[in-house]
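Notes follow once the structure below has been shown.
The values are calculated or read from the model by the stated rules, or taken from the named source; none is laboratory data. The shown structure was predicted, so the numbers you read here are calculated from the model rather than taken from an experiment. Neighbour counts run over all protein chains shown; Cβ positions are idealised from the backbone, glycine included. All accessible areas refer to the heavy atoms of the entire protein, side chains included, with ligands and DNA or RNA removed. Shrake-Rupley method; radii C 1.70, N 1.55, O 1.52, S 1.80 Å.
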Amino acid sequence: MTHAHEISPQEAKTLIDSDKALLFDIREADEYAREHILGARLAPLSGFNPKDFPADHDKVGLFHCASGNRTAQAATEILQTGFAKVYLIEGGIAGWKKAGLPVNVNKAAPISIQRQVQLTAGTMMVLSVVLAAVFSPWFMALGAFVGAGLMFAGASGTCAMATQLSSMPWNRPVIARTGPASS
(Lines give C-alpha, C1' and ligand atoms only; values in the text may rest on other atoms or scores of the structure.)
Protein backbone atom coordinates (compact mmCIF):
# COMPACT_ATOMS: atom_id res chain seq x y z
CA MET A 1 0.00 0.00 0.00
CA THR A 2 1.49 3.32 -1.04
CA HIS A 3 -0.89 5.70 0.72
CA ALA A 4 -3.45 5.55 3.50
CA HIS A 5 -7.11 5.74 2.62
CA GLU A 6 -9.84 7.26 4.73
CA ILE A 7 -12.76 5.22 5.94
CA SER A 8 -16.04 6.47 7.38
CA PRO A 9 -16.64 5.95 11.09
CA GLN A 10 -19.57 3.63 10.30
CA GLU A 11 -17.39 1.46 8.01
CA ALA A 12 -14.68 1.39 10.70
CA LYS A 13 -17.22 0.30 13.33
CA THR A 14 -18.40 -2.53 11.06
CA LEU A 15 -14.80 -3.78 10.67
CA ILE A 16 -14.18 -3.55 14.42
CA ASP A 17 -17.44 -5.32 15.31
CA SER A 18 -16.67 -8.14 12.87
CA ASP A 19 -13.20 -8.56 14.46
CA LYS A 20 -11.49 -7.76 11.17
CA ALA A 21 -9.63 -4.68 12.40
CA LEU A 22 -7.47 -3.32 15.19
CA LEU A 23 -8.12 0.28 16.23
CA PHE A 24 -5.32 2.63 17.28
CA ASP A 25 -5.62 6.10 18.83
CA ILE A 26 -2.56 8.24 18.06
CA ARG A 27 -3.53 11.11 20.38
CA GLU A 28 -1.56 11.68 23.57
CA ALA A 29 -2.26 9.80 26.81
CA ASP A 30 -3.99 12.78 28.47
CA GLU A 31 -6.42 13.10 25.55
CA TYR A 32 -7.09 9.35 25.59
CA ALA A 33 -7.70 9.36 29.35
CA ARG A 34 -10.38 12.04 28.97
CA GLU A 35 -12.19 10.38 26.07
CA HIS A 36 -11.60 7.43 23.75
CA ILE A 37 -13.31 4.91 21.51
CA LEU A 38 -13.91 1.67 23.36
CA GLY A 39 -11.38 -0.94 22.30
CA ALA A 40 -8.93 1.59 20.87
CA ARG A 41 -5.30 0.92 21.69
CA LEU A 42 -3.22 3.95 22.62
CA ALA A 43 -0.25 4.58 20.28
CA PRO A 44 0.69 8.25 20.90
CA LEU A 45 2.21 10.02 17.94
CA SER A 46 4.91 11.49 20.22
CA GLY A 47 6.40 8.02 20.68
CA PHE A 48 5.11 6.39 17.51
CA ASN A 49 7.25 3.53 16.24
CA PRO A 50 5.88 1.38 13.40
CA LYS A 51 7.84 -1.61 14.75
CA ASP A 52 5.77 -1.59 17.97
CA PHE A 53 2.61 -2.87 16.28
CA PRO A 54 1.35 -6.45 16.62
CA ALA A 55 2.24 -9.06 14.03
CA ASP A 56 -1.49 -9.81 13.54
CA HIS A 57 -1.38 -8.57 9.96
CA ASP A 58 -4.38 -10.51 8.74
CA LYS A 59 -6.40 -7.68 10.31
CA VAL A 60 -6.91 -4.17 9.02
CA GLY A 61 -5.16 -1.34 10.88
CA LEU A 62 -7.50 1.55 11.73
CA PHE A 63 -5.99 4.80 13.04
CA HIS A 64 -7.54 7.96 14.41
CA CYS A 65 -6.68 11.18 16.21
CA ALA A 66 -8.90 14.05 17.37
CA SER A 67 -9.96 15.45 13.99
CA GLY A 68 -8.04 13.54 11.32
CA ASN A 69 -5.21 16.07 10.91
CA ARG A 70 -2.54 14.21 12.89
CA THR A 71 -3.30 10.88 11.23
CA ALA A 72 -3.07 12.51 7.80
CA GLN A 73 0.27 14.11 8.71
CA ALA A 74 1.59 10.81 10.11
CA ALA A 75 0.29 8.66 7.24
CA THR A 76 3.80 7.78 6.03
CA GLU A 77 4.73 6.36 9.45
CA ILE A 78 1.34 4.68 9.87
CA LEU A 79 1.76 2.87 6.55
CA GLN A 80 4.99 1.34 7.89
CA THR A 81 3.13 -0.58 10.63
CA GLY A 82 2.96 -3.64 8.39
CA PHE A 83 -0.79 -4.08 8.13
CA ALA A 84 -1.94 -5.30 4.73
CA LYS A 85 -4.56 -2.54 4.76
CA VAL A 86 -4.43 0.71 6.70
CA TYR A 87 -7.30 3.15 7.04
CA LEU A 88 -7.55 6.56 8.68
CA ILE A 89 -10.94 7.26 10.26
CA GLU A 90 -12.54 10.32 8.63
CA GLY A 91 -12.77 13.18 11.11
CA GLY A 92 -10.99 11.26 13.90
CA ILE A 93 -12.83 10.82 17.18
CA ALA A 94 -14.82 13.99 16.41
CA GLY A 95 -16.13 12.32 13.23
CA TRP A 96 -16.85 9.16 15.21
CA LYS A 97 -18.97 11.13 17.71
CA LYS A 98 -20.65 13.12 14.91
CA ALA A 99 -21.72 9.78 13.40
CA GLY A 100 -23.46 9.02 16.72
CA LEU A 101 -21.05 6.25 17.67
CA PRO A 102 -20.20 5.67 21.34
CA VAL A 103 -17.11 6.88 23.16
CA ASN A 104 -15.90 6.31 26.68
CA VAL A 105 -15.80 9.65 28.52
CA ASN A 106 -14.05 10.19 31.85
CA LYS A 107 -15.15 13.62 33.07
CA ALA A 108 -12.93 13.25 36.13
CA ALA A 109 -9.81 13.29 33.91
CA PRO A 110 -8.33 16.74 33.32
CA ILE A 111 -8.55 18.35 29.91
CA SER A 112 -5.51 17.78 27.69
CA ILE A 113 -2.27 19.60 28.46
CA GLN A 114 -2.46 21.26 25.04
CA ARG A 115 -5.84 22.80 25.89
CA GLN A 116 -4.58 23.81 29.34
CA VAL A 117 -1.64 25.62 27.69
CA GLN A 118 -4.01 27.38 25.28
CA LEU A 119 -6.30 28.48 28.13
CA THR A 120 -3.42 29.63 30.33
CA ALA A 121 -1.58 31.49 27.56
CA GLY A 122 -4.79 33.10 26.33
CA THR A 123 -5.72 34.21 29.84
CA MET A 124 -2.27 35.68 30.41
CA MET A 125 -2.41 37.57 27.09
CA VAL A 126 -5.83 39.08 27.84
CA LEU A 127 -4.74 39.90 31.38
CA SER A 128 -1.61 41.68 30.11
CA VAL A 129 -3.68 43.82 27.71
CA VAL A 130 -6.23 44.73 30.40
CA LEU A 131 -3.54 45.54 32.98
CA ALA A 132 -1.61 47.60 30.41
CA ALA A 133 -4.73 49.57 29.48
CA VAL A 134 -5.81 50.16 33.08
CA PHE A 135 -2.54 50.52 34.99
CA SER A 136 0.68 50.70 32.99
CA PRO A 137 1.92 49.85 29.50
CA TRP A 138 4.70 47.91 31.19
CA PHE A 139 2.22 45.05 31.68
CA MET A 140 2.54 44.41 27.92
CA ALA A 141 5.85 42.74 28.85
CA LEU A 142 3.82 39.84 30.24
CA GLY A 143 2.16 39.38 26.85
CA ALA A 144 5.52 39.61 25.08
CA PHE A 145 6.97 37.00 27.47
CA VAL A 146 4.08 34.59 26.82
CA GLY A 147 4.30 35.17 23.07
CA ALA A 148 8.06 34.53 23.08
CA GLY A 149 7.50 31.35 25.06
CA LEU A 150 4.94 30.12 22.53
CA MET A 151 7.30 30.93 19.65
CA PHE A 152 10.11 29.00 21.36
CA ALA A 153 7.75 26.06 21.99
CA GLY A 154 6.77 25.98 18.33
CA ALA A 155 10.36 26.18 17.13
CA SER A 156 11.86 23.70 19.59
CA GLY A 157 9.01 21.25 20.15
CA THR A 158 9.29 21.74 23.92
CA CYS A 159 6.95 23.82 26.03
CA ALA A 160 7.91 25.03 29.49
CA MET A 161 4.28 25.93 30.25
CA ALA A 162 3.12 22.40 29.35
CA THR A 163 5.85 20.95 31.55
CA GLN A 164 4.76 23.11 34.49
CA LEU A 165 1.06 22.39 33.94
CA SER A 166 1.66 18.65 33.74
CA SER A 167 3.14 18.72 37.25
CA MET A 168 0.10 20.46 38.73
CA PRO A 169 -1.96 18.43 41.26
CA TRP A 170 -4.99 18.11 38.97
CA ASN A 171 -2.81 16.44 36.31
CA ARG A 172 -1.21 13.88 38.59
CA PRO A 173 -2.60 10.35 38.47
CA VAL A 174 -4.94 9.51 41.31
CA ILE A 175 -3.60 6.62 43.37
CA ALA A 176 -6.34 4.49 44.83
CA ARG A 177 -6.10 3.99 48.55
CA THR A 178 -6.23 0.45 49.79
CA GLY A 179 -7.11 -0.71 53.25
CA PRO A 180 -9.20 1.04 55.88
CA ALA A 181 -9.13 4.80 56.12
CA SER A 182 -7.59 6.15 59.30
CA SER A 183 -9.80 8.26 61.52
Exercise for review: Identify, from the list 154, 143, the residue that is open to solvent by less than 50 Å² (accessible area, probe 1.4 Å) and outside any loop (DSSP other than H, G, I, E, B).
Suggested key: 143
Check your understanding: Within region 72-85, which residues are farther than 12 Å from residue 23 by Cβ and of a type outside the set (Gly, Ala, Ser)?
Key -> 73, 76, 77, 78, 79, 80, 81, 85
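Conditions (1) of a type in the set (D, E, K, R); (2) in contact with a strand residue (DSSP E or B) (Cβ under 7 Å, 6 or more places away or on another chain); (3) more than 19 Å from residue 24 (Cα to Cα), marked per residue:
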residue	(1), (2), (3)
66	no, no, no
77	yes, no, no
87	no, yes, no
94	no, no, no
102	no, no, no
111	no, no, yes
114	no, no, yes
122	no, no, yes
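So, in region 65-74, of the ones that are at negative phi and touching a Leu at 6+ places or on another chain (Cβ under 7 Å), which residue ends up surrounded by the most Cβ atoms within 10 Å (Cβ to Cβ)?
Step by step, filter region 65-74, then rank; the result is 71.
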Point to revise | Meets criteria (under 17 Å from the mean Cα position of the chain (by Cα) and under 28 Å from residue 9 (Cβ atoms)) for residue 95 | key: yes
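Among the residues of region 34-49, how many are open to solvent by less than 50 Å² (accessible area, probe 1.4 Å) and of a type in the set (Gly, Ala, Ser)? Working first, answer last.
Taking region 34-49 and keeping what is open to solvent by less than 50 Å² (accessible area, probe 1.4 Å), we get 35-37, 40, 43-44, 48.
When the remaining residues are screened for being of a type in the set (Gly, Ala, Ser), the result is 40, 43.
So the count comes out to 2.
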Exercise for review: Return only the number of the condition from (1) more than 21 Å from residue 13 (Cβ to Cβ); (2) in contact with a Phe, Trp or Tyr (Cβ under 9 Å, 6 or more places away or on another chain) that residue 37 does not satisfy.
Suggested key: (1)
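So which of 12, 55 is farther than 18 Å from residue 105 by Cα and at pLDDT 95 or above?
On the way: 55 fails: at pLDDT 95 or above.
Criteria check complete, one pass: 12.
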**Study point:** Output for region 50-60, where each listed residue is under 30 Å from residue 113 (Cα atoms) and open to solvent by less than 60 Å² (accessible area, probe 1.4 Å)
**Key:** 50, 53, 54
Practice item. Could you please find all residues in region 92-132 being surrounded by 20 or more Cβ atoms within 10 Å (Cβ to Cβ) and on the phi > 0 side of the Ramachandran plot? Key: 92
